[in-house]
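Enquirer: Sharing a structure with you now.
The numbers here are math on the coordinates, done by the rules we state, and not lab data. None of these values were measured; they are calculated from a predicted model. Please note: Cβ atoms are built from the backbone with ideal geometry, for glycine as well, and neighbour counts cover all protein chains shown.
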Amino acid sequence: MSKSETKEVIIGASLEALKERFLSNLDETRRFSIIEKELKENNYVIILQTTPSSRSAGEIVTVELCETGDKQTRVVVKSVLAALFQRSDKGVNQENIDAIVPMLKEVPEKLS
């Protein structure tokens with residue numbers, strides 16, 4: 001396992017709609033804390049941090065949204081170990097990506 005994992009996907013939604021969907025879904029989980037949100041030209045970057053666990057000293061997860069066309073957004077999710085001394089991620093970086101990507105694609109359920 002490497003010290004970082006990256007995944008790129010294209011999602012059929014505008015950058016603004018995708019950003020709002022993701023932030024809404026992110027509010028539903030306690031796994032990630034937002035460190036920074038920044039608009040750079042046509043890109044929106046959200047930097048997250050996980051809490052340390054028995055398997056890891058925590059990770060920094062970067063989610064970059066870039067509108068590529070009419071209601072098309074390129075998403076790059078990168079998860080990196082927070083501790084430089086850690087040799088292996090034991091699969092946690094891929095788990096972070098696997099948790100983030102569905103939050104970008106799914107509309108949150110409304111609680112009644």
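Enquirer: Give me the lysines in straight-line cross-link reach of Lys40: C-alpha distance below 28 Å, same-chain residues under 8 apart excluded.
Expert: Answer for Lys40, where 28 Å is the Cα cut-off: Lys3, Lys7, Lys19, Lys71, Lys78, Lys105, listed by chain and number.
Enquirer: Amide H of Glu59: which non-local residues (sequence gap of 5 or more, or other chain) have their own amide H closer than 5 Å, using H built in the peptide plane?
Expert: Hits under the 5 Å cutoff: Thr50, Ala82.
Enquirer: Related question: Report the relative contact order of region 1-63, percent, no decimals, based on alpha-carbon pairs under 8 angstrom and at least 6 residues apart.
Expert: 20 percent
Enquirer: Relative to the Cα centre, what is the charge dipole magnitude of the chain, using +1 at the beta carbon of each Lys and Arg, -1 at the beta carbon of each Asp and Glu, and rounding to the nearest 20 debye?
Expert: Taking the Cα centre of the chain as origin, the dipole is about 360 debye.
Enquirer: Nearest 0.05, what FRET efficiency do Ser24 and Thr68 give at R0 = 25 Å with Cβ-Cβ as r?
Expert: Here the calculated transfer efficiency is 0.65.
Enquirer: Starting with the highest mean, order 44-52, 32-40 by the number of other Cβ atoms within 10 Å, averaged over the residues of each peptide.
Expert: 44-52, 32-40
Enquirer: Arranged from highest to lowest average of other beta-carbon atoms within 10 Å per residue, in what order do the peptides 71-82, 19-30 appear?
Expert: Listed from highest to lowest mean packing, they are 71-82, 19-30.
Enquirer: How much of the pair distance distribution for the chain lies past 16 Å, counting alpha-carbon pairs only, in percent?
Expert: Tail fraction, whole percent: 58.
Enquirer: How much mean residue ellipticity at 222 nm does the chain get from its helices, if each DSSP H run of length 4 or more adds -39500 (n - 2.57) and you divide by all residues, to the nearest 500 deg cm²/dmol?
Expert: Dividing the helical sum by the residues of the chain leaves -7500 deg cm²/dmol.
Enquirer: Follow-up question, since we're still on this one. Relative contact order, percent, of the chain when contacts are C-alpha pairs under 8 Å separated by at least 6 residues?
Expert: With pairs under 8 Å counted, the relative contact order is 34 percent.
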